[in-house]
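Notes for the one structure printed next.
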Amino acid sequence: MAKLDNNSAQFLMVLLHLTVLHLVIISSDSVDNDYAYTTSLSSSSVPSNDQSTITQRPTTLKSTTIRREDDDVTEGVVGSQTSRTKATTIAKTTTKKQSTSSPDSLILQRGEFLLRDENGDICIKANFAINFKIYYKSKLSDQNEPSIPLSAKASVGGECVSDENTAVLTLQWKEDKYTLKFTFKKVPVEKRWIGERIQLTYDERDNPDFEGAVNPRLYVVQSSERDTFFSTKLGHSRSCVSEHDITLKNSESKDKVIMEITKLHLQPFDLKNGTFGEEIPCKSDLHKKGNNTASLVVGLLLAAFILIVIIGYAVGRKMGYITERSDYSTME
């Protein structure tokens, strides 16, 4: 019997240790994820008075690249100006080893894209990394799916007027082989802003990303007219570790592109002094935090239960020992 009790006690202790270890892992993962995302947001946010702006004549474009080797991090600055807008791009890229075997090994660059209104004030501020999965037919296969990352040094254009309810952000990269266009809209009745439309234009002609493409030409795909994106309160910014995938198609629904947005921090209207408003996290981030909290609560309850059982077991054995000693004394 004593041997059985000892085995039970050892089993309970092992179970308690495993539960504590589970709690430590959950807490560590939650802290690491929050810290990594917070760091990525804060490291890319630059006050407006520190922004590098390159002044140039309308319809002309100059670019300046600044490189600094520091822990394998490269910084680039690209500026552009149109007759009505000014734009500045600041990008940070962490060097990784690239493998062609999996899209997950692509180097996704998180860029900061700024668009200015006619007064020179920042009217759109967008930080994100984007990967596109573009389906096309080639001479060797009917299903090809290259992953095309958005360049963090993409040139910025678009239009936003201070007293209007619509703003457009345009990003072009790889010698204008790719053009990404966001259309944002204010909804005054609901006191919110939304992404009304997303459009991608890509050129398969003389493009190594589409090797052996059948009938290469210029393609235009966009989001459905029924869909809206990034719904957020006016004066606030949207943040999201990983947005839901967005499907872009052409009018005939034959050409399809999957758009994956990560590390997003975005605000198209009402930026004060060029800085983001209060962050509103996306639902997927809230869901992940809720799951972590639920796991932590369950683990704590399990640990408390096991601890109570062990304490009860120890007290029970102690009381039994005292009673046993008392019986021996009476017999003597």
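Could you count how many residues in region 127-143 are open to solvent by 10 Å² or more (accessible area, probe 1.4 Å) and touching a residue at least 40 places away in the same chain (Cβ under 8 Å)? Explain how you work it out, then say what you get.
Of all residues in region 127-143, those open to solvent by 10 Å² or more (accessible area, probe 1.4 Å) come to 133, 135-143.
Those still in the list that are touching a residue at least 40 places away in the same chain (Cβ under 8 Å) too: 133, 135-140.
Residues meeting the conditions: 7.
Hey, can you tell me all the residues within region 158-178 that are crowded, with 22+ Cβ neighbours inside 10 Å and of a type in the set (Gly, Ala, Ser)?
GLY158, ALA167, listed by residue number.
Can you tell me which condition GLU204 does not meet? The list is (1) at positive phi; (2) in contact with a helix residue (DSSP H, G or I) (Cβ under 6 Å, 6 or more places away or on another chain), and all the others hold.
(1)
Scan region 268-295 residue by residue and report those that are touching a Pro at 6+ places or on another chain (Cβ under 9 Å) and either at pLDDT below 95 or open to solvent by 80 Å² or more (accessible area, probe 1.4 Å) (or both).
The answer is ASN273, GLY274, LYS289.
Need at least 2 residues that are in contact with a His (Cβ under 7 Å, 6 or more places away or on another chain), surrounded by 13 or more Cβ atoms within 10 Å (Cβ to Cβ) and at pLDDT 95 or above per element, so show me which strands (runs of 3 or more DSSP E) inside region 186-267 make the cut, counting only ones lying wholly within it.
237-242
The values are calculated or read from the model by the stated rules, or taken from the named source; none is laboratory data. On a predicted model such as this, the values are computed, not experimentally measured, just so you know. Because the Cβ atoms are built from the backbone with ideal geometry, glycine has one as well, and the counts that use them run over all protein chains shown. Ligands, DNA and RNA are excluded from the accessible area calculation, which covers all protein heavy atoms including side chains. Shrake-Rupley method; radii C 1.70, N 1.55, O 1.52, S 1.80 Å.
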